[in-house]
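Visitor: Supplied in structure tokens, the structure appears directly below.
What follows is calculated from the coordinates using simple rules that are stated; it is not laboratory data. Nothing here was measured: the structure is a model prediction, and the numbers come from that model. FYI the Cβ positions are ideal-geometry reconstructions off the backbone, even for glycines, and counts take in every protein chain you see.
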């Protein structure tokens with residue numbers, strides 16, 4: 001491959017690649033991302049190749065292994081072009097029929113189509129599925145469409161056009177002004193203006209500078225960074241090269257969790273191909289600009305998502321934050337000026353340079369332009385990655401893309417911002433989601449995790465769960481975070497067990513403020529958020545745990561018990577399945593649970609036939625009742 005050394009050479013290559021496309025072939029795009037691989041996508045692809053050969057269609061059909069389409073729970077996924085007939089939950093056994101019916105004769109197989117959980121309609125085409133229909137896929141515009149291991153696919157779709165524009169017709173100052181005018185804010189969660197960060201770094205006079213792409217995604221339930229790195233790695237590299245040129249950097253790093261092997265693999269291939277084509281290395285596109293990128297794999301420490309801890313890890317030190325100032329833009333990796341942006345931020349850079357400021361600001365809100373990507377998980381019918389304009393309401397995301405709450409239960413809360421985010425009540429469902437509105441409500445954007453919770457969720461338990469995560473992930477460097485979060489967690493556990501006191505609520509609030517104000521880095525400063533927001537919006541649940549010794553959601557084990565009602569027909573299923581032998585009773589007679597032996601595992605509740613429903617979960621008994629003997633029950 002001859003290196004691309006000019007804008008003309010790139011366009012010449014792009015045109016030749018487009019002309020070489022065989023328009024007579026049907027393109028079958030099969031998701032080969034981590035989510036679909038876990039469901040057997042590679043076996044599906046293997047069988048598809050063999051079946052095309054067996055049926056004599058391998059010269060008429062092209063198999064394209066693509067990145068994440070976002071609808072991971074329905075995987076393995078297949079889109080059959082040109083209309084993108086959408087098949088879901090595929091098995092190798094389905095492939096012969098797909099080849100003989102759809103690929104050979106154009107017959108659509110209804111049983112493999114997506115069924116809308118609301119309308120029960122079978123939907124043929126990807127663009128008509130509500131999950132996709134309500135999205136605006138800009139950053140994820142190529143994932144699910146191109147082969148992430150093919151730089152040619154990226155170029156055909158307009159890849160590296162922005163880099164050519166930046167290096168051939170823009171000064172570094174013009175690039176920074178364009179990014180500043182766009183209002184692009186950091187997509188890693190902090191929302192700091194990207195252009196301002198670049199400007200700070202550019203103004204520091206030194207011979208060596210660095211740029212870093214932060215792909216250290218550690219939030220529970222979040223996988224958008226992984227999917228972007230796996231599905232469209234070149235868009236991250238292109239943004240980094242443009243940013244490096246703008247600030248005068250000569251070297252860059254992509255920091256990726258070692259738990260993301262496919263992302264590492266695809267990024268490695270992308271870097272190698274970019275070097276071969278002349279987009280990385282010496283004298284890029286004949287501009288005289290030199291720049292290289294390396295991959296640094298992290299060991300999985302959540303705190304390394306914080307930029308100073310991440311830099312320490314790159315330098316071979318323990319991933320621990322340091323006080324700021326100096327900020328990384330002034331003194332970062334090895335004491336040199338460094339710009340760190342999330343991988344999604346870098347992906348937006350090339351889009352802005354290519355399409356312009358007006359295009360970018362036409363979506364989103366005035367202070368939060370563009371789109372954002374959420375990992376919508378939890379008690380929602382359609383889970384997955386959703387890219388929507390900033391300012392889209394929770395309702396549109398949960399009931400539009402997500403199609404509502406599982407089992408048609410009531411929405412209780414939405415948690416955004418990862419373990420350090422906030423829990424917001426259903427009353428705020430019509431709130432536009434952007435950086436500033438979430439902060440006003442006590443939550444935060446974070447890296448884009450959105451956990452949907454239904455009526456059966458205990459908010460005290462949720463606060464305890466998230467705080468236990470951040471407490472365990474604390475690096476231990478500063479005592480407000482190391483000790484304070486542990487004390488808060490102990491109080492929450494005491495409340496959950498029915499041993500809480502009225503004063504505990506004030507203690508939690510006071511501790512939260514102290515930890516937030518005194519912690520060294522963002523992990524400790526935001527760790528109290530789940531507690532603060534649940535105290536703010538769900539205080540009645542805390543009071544029920546303390547005053548009534550009850551868990552309204554029937555979740556906290558110490559405040560519930562299982563009983564068998566008069567509906568019992570004596571079938572003996574619960575007795576047989578009980579792991580500790582706590583259930584007594586003769587066949588066809590009422591059974592009884594010995595509370596002294598019961599470990600509250602819930603097995604009896606789960607195995608009791610729904611049409612009988614004799615096992616009940618109850619709460620609300622006071623402390624004096626909890627201390628009664630088993631014979632009293």
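Visitor: Taking Cα atoms, how many degrees apart are the long axis of helix 7-19 and the longest axis of the chain, rounded to 10 and kept between 0 and 90?
Guide: Here the helix axis deviates by roughly 70 degrees.
Visitor: Once the convex hull of the C-alpha atoms of region 198-262 is built, how many Å³ does it hold per residue, rounded to a whole number?
Guide: That works out to 96 Å³ per residue.
Visitor: Once each part is reduced to its C-alpha centroid, what is the distance from region 445-491 to region 105-180 in angstrom?
Guide: 35 Å
Visitor: What fraction of the DSSP beta bridges in region 151-360 is antiparallel, stated in percent and rounded to the nearest 5?
Guide: Working: 2 of 20 bridges.
Around 10 percent antiparallel, to the nearest 5.
Visitor: Where in region 381-403 is the amide nitrogen less than 17 Å from a point lying 7 Å along the Cα-to-Cβ axis of residue 136?
Guide: Those under the cut-off are 386-398, 400-401.
Visitor: Just the C-alpha atoms of region 460-547: what Rg/Rh do they give, with Rh taken as the Kirkwood radius? Walk me through the numbers on the way to the answer.
Guide: Details: Rg = 12.0 Å, Rh = 12.6 Å.
Looking at region 460-547, the ratio lands at 0.95.
Visitor: Can you give the Rg and Dmax of region 145-261 based on its C-alpha atoms, in angstrom?
Guide: Just the Cα atoms of region 145-261 yield Rg and Dmax of 15.0, 43 Å.
Visitor: Using only Cα positions of region 391-488, each an equal point scatterer, no hydration layer, compute I(q)/I(0) via Debye at q = 0.11, 0.17 Å⁻¹ and quote the log10 values to two decimals.
Guide: -0.37, -0.79
Visitor: When a footprinting reagent is the concern and you count Cβ atoms within 10 Å, what order do 177, 115, 51 take, fewest first?
Guide: Working: 177 17, 115 13, 51 20.
Taking fewest neighbouring Cβ atoms as first place, the list is 115, 177, 51.
Visitor: Pop the C-beta distance of residue 509 and residue 206 into the FRET formula with R0 = 45 Å and round what comes out to the nearest 0.05.
Guide: Working: r = 45 Å, r/R0 = 1.00.
Efficiency, rounded to the nearest 0.05: 0.50.
Visitor: State the Cα centre-to-centre distance between region 415-430 and region 370-406 in whole Å.
Guide: Spelled out, the Cα-based centre of one part sits 13 Å from the other.
Visitor: To continue, here is another question. Could you work out how far apart the two model spin labels at residue 63 and residue 410 are, taking each label as a point 7 Å from the Cα in the direction of the beta carbon, and quote it in nm?
Guide: 5.0 nm
Visitor: From the C-alpha coordinates alone, can you work out the Kirkwood hydrodynamic radius of region 247-366, in Å?
Guide: On the way: mean 1/r = 0.0616 Å⁻¹.
It is 16.2 Å.
Visitor: So for region 88-193, considering every pair of alpha-carbon atoms, how many percent are separated by more than 19 Å? Kindly include the intermediate steps, with their values, before the conclusion.
Guide: Values: 3848 of 5565 pairs.
The share of Cα pairs beyond 19 Å in region 88-193 comes to 69 percent.
Visitor: Could you give me the percent of Cα pairs per 10 Å distance bin for region 327-477, shortest bin first, beginning at zero and ending with the bin that holds the maximum distance?
Guide: Bins of 10 Å from zero give 10, 34, 32, 18, 6, 0 percent of pairs.
Visitor: In addition: Counting only the backbone N, which residues of region 435-465 are under 13 Å from the spot 7 Å out from the Cα of residue 536 toward its beta-carbon?
Guide: Flagged as within label range: 436-445.
Visitor: If you don't mind, there's one more thing I want to ask. Counting only DSSP beta bridges with both residues in the chain, what percent are antiparallel, rounded to the nearest 5? Walk me through the numbers on the way to the answer.
Guide: Details: 36 of 64 bridges.
Here the share of antiparallel DSSP bridges comes out near 55 percent.
Visitor: Can I ask one more? Take the alpha carbon atoms of region 151-360, find their radius of gyration, then divide it by 2.2 N^0.38 Å using N residues; give the quotient.
Guide: Values: Rg = 15.7 Å, N = 210, 2.2 N^0.38 = 16.8 Å.
After normalising by residue count via 2.2 N^0.38 Å, the value is 0.93.
Visitor: Next question. In region 36-144, what is the volume of the convex hull around the alpha carbon atoms, normalised per residue and reported in Å³?
Guide: Details: hull volume 10.9 nm³, N = 109.
Enclosed volume per residue, from the Cα hull, is 100 Å³.
Visitor: Against the empirical 2.2 N^0.38 Å scaling, what ratio does the C-alpha Rg of region 503-565 come to? Please report the intermediate quantities before stating the final value.
Guide: Working: Rg = 15.1 Å, N = 63, 2.2 N^0.38 = 10.6 Å.
Output field value: 1.42.
Visitor: Something else: At q = 0.14, 0.31 Å⁻¹, what log₁₀ I(q)/I(0) does a Debye calculation on the Cα points of region 407-463 give, no solvent, two decimals?
Guide: -0.34, -1.36
Visitor: Kirkwood Rh over alpha-carbon pairs of region 432-496, then Stokes-Einstein at 20 °C and 1.002 mPa s: what D in µm² s⁻¹, rounded to an integer?
Guide: Diffusion coefficient, whole number: 157 µm²/s.
Visitor: How far apart, in nanometres, would the label points at residue 5 and residue 54 be if each is projected 7 angstrom from Cα along the Cα-to-Cβ direction?
Guide: 5.2 nm
Visitor: Still on this structure, please answer the following. Using only the Cα atoms, work out Rg/Rh for region 486-633, with Rh taken as the Kirkwood radius, to two decimals. Write down the numbers at each step before the final one.
Guide: Details: Rg = 19.5 Å, Rh = 17.5 Å.
Result for region 486-633 is an Rg/Rh of 1.12.
Visitor: To the nearest 0.05, what FRET efficiency results for residue 563 and residue 589 with a Förster distance of 22 Å applied to their C-beta separation? Each step should come with its number before you reach the end.
Guide: On the way: r = 16 Å, r/R0 = 0.72.
So the FRET efficiency works out to roughly 0.85.
Visitor: Still on this structure: Roughly what would the spin-label model give for residue 290 and residue 494, points 7 Å off Cα along C-beta, in nm?
Guide: It works out to 6.3 nm between the two label points.
Visitor: Expressed as cubic angstrom per residue, what is the convex hull volume of the alpha carbon set of region 273-330? Working shown, then result.
Guide: Details: hull volume 6.3 nm³, N = 58.
For region 273-330, the hull spanned by Cα atoms encloses 108 Å³ per residue.
Visitor: While we're looking at this one, here's another question. Expressed as a whole number of Å, what is the distance separating the alpha-carbon centroids of region 569-598 and region 21-71?
Guide: Region 21-71 and region 569-598 have Cα centres separated by 52 Å.
Visitor: Roughly how tilted is helix 479-496, in degrees to the nearest 10 and between 0 and 90, from the longest Cα axis of the chain?
Guide: It works out to around 40 degrees.
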